[in-house]
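Read-outs throughout are calculated quantities, based only on the coordinates presented, and are distinct from any laboratory measurement. Keep in mind the model is a prediction, meaning the values are calculated, not measured. All Cβ positions, glycine included, derive from the backbone under ideal geometry; neighbour counts span all protein chains shown.
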Amino acid sequence: MPATHALEVHDSTRDIKSRKPVGKNTTNRTHRSPHTHFFFQPQPCNINQWLGHSFSKNTTRLLNSALQNSWASSTLNQYSGAVGHFVTFCDAEGVPPHLRFPSDEFVLCAFAASSLGTLAGTTVRKKLASLKAWHNIHNLEWRGGPRLNLVVNGVSNLAPQSSRKPPRPSVNSTMLSQLIQSLNLQDPLDAAVAACASVAFWAQCRIGELLPTSSSDLSTVTKPSRSNIRRSKRNTHSLVLFLPRTKTKRHGEDVVLTSQEGTSDPIMRLHHHIKLNKLNKHLPLFTYRSRSGPRSLTIHRFLERCNTIWQKLGYPRTTGHCFRIGGTTELLIAGVPPEIVKSMGRWSSDAFFRYWRSLEDIVPQYAQNINMRISRKRKRGESS
């Protein structure tokens, strides 16, 4: 096997081969802090010692910068947490340093099996994917193979029922209409909530693509501003909203907003929000007026307002992703071809099918009375 070219600022493989075990709460809190990227902090490359060639300082700087920005911050938090759990496991089991990184397959199998009866197989796979990512960024051999896959399959087969979360309930058009009818649309905050809910639902948006986490964050680097809305040149009844950054497109992409009947029409709700909250067009799209000045509608404030209303109406608590799932389901039930829905929602094929809801409503749109449909097609063919 060729020599590995680990990335080093301080020997990270040595630093994390042994750490004192920490309690569960402390571990979670540590890996979610601003310093949670420790395990994934790429180190300046001393590649000249392996290649016998010294790159310029500028090239080395660019390489390090690319590595340090290879994952989103939220992804690094998740990955670092999993690597931290692995190190804690190795400490508790007394695994010698040379078997930790690169990780021996038997050690990986033991780590995976330690979750038997407590975690779902998908959770264990995510932890192992994090460890594999760590090996990749440090250019170390990943030794997980068929035996590890068998162990994970066993963990998955023996996962307790409690580890299998039921599908998230999706928002539907009735809920959306009830929400908007219950909001005070003359209130700046509620007008922003109504507009965001309608856009997220009908455009199948992720809430994190529309809203920040801090009300004082008025940046539009990753969130849409009012200036990002434009009238469609091909259909004047539609709007095009540019999302500066999405989960899959770092440089952003467009979503199309179409007119809908009733109070949840996203175009009507946006016009009302912008008219009521008369603010600079370069501010975030869902900024609203407050006594202390412009405030960004945050994910927490948005969901809190929605759930306050819905829970009074007897609905279960919803999450931000429920809007995207709900919009997808609503369009499918309405008979919009799946390929169009998929394109509108910027879905990857696997995720698109995994998040379908209300199949008992969707299936009849496409599979009912198949014989009659075939017969009609044949008759049309014979008569032509």
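Within region 205-280, all pairs of alpha-carbon atoms sorted by distance into 5 Å bins from zero give the percentages 3, 14, 22, 26, 22, 11, 3, 0. The loop-placed GluC sites (Glu not before Pro) in region 237-346, going by DSSP, that have at most 12 neighbouring Cβ atoms within 10 Å of their Cβ come out as E261. By the count of neighbouring beta-carbon atoms within 10 Å, fewest first, H271, H53 end up ordered H53, H271. Here the residues V336, V199, ranked from fewest to most Cβ neighbours within 10 Å of their Cβ, fall in the order V336, V199. Residue by residue, region 216-232 carries 3J(HN,Hα) couplings of 8, 7, 9, 6, 10, 5, 10, 10, x, 9, 5, 6, 8, 9, 9, 6, 5 Hz when phi is fed to the Karplus relation 6.51 cos²θ - 1.76 cosθ + 1.60 (θ = phi - 60°); x denotes Gly or Pro. Ranked by how many other Cβ atoms sit within 10 Å of their own Cβ, fewest first, the residues I207, I325 fall in the order I207, I325. Start at zero, step by 10 Å, and the Cα-Cα distances of region 173-366 spread as 9, 37, 38, 14, 1, 0 percent across the bins.
Applying the Karplus relation 6.51 cos²θ - 1.76 cosθ + 1.60 with θ = phi - 60° to region 293-301 yields 3J(HN,Hα) values of x, x, 10, 7, 5, 9, 4, 5, 5 Hz, where x marks Gly and Pro. Would region 253-344 count as rounded, prolate or oblate if I go by the C-alpha gyration tensor, calling it rounded below 1.5 in a/c and otherwise prolate when a/b exceeds b/c, oblate otherwise? Verdict is oblate for region 253-344. Between the amide H of S225 and those of L285, distances stay under 5 Å, these residues lying 5 or more places away or on another chain, with hydrogens modeled in the peptide plane. If amide hydrogens are placed 1.01 Å from N in the peptide plane, which non-local residues have theirs closer than 5 Å to the one on R143? Under 5 Å from the amide H of R143 lie the amide H atoms of S103, each far enough along the sequence or on another chain. The peptide list 182-188, 285-291, put in order of mean Cβ contacts within 10 Å with the highest first, becomes 285-291, 182-188. Taking amide H as placed 1.01 Å from N in the peptide plane, L257 has its amide H under 5 Å from the amide H of L239, V240, L241, each at least 5 places away in sequence or on another chain.
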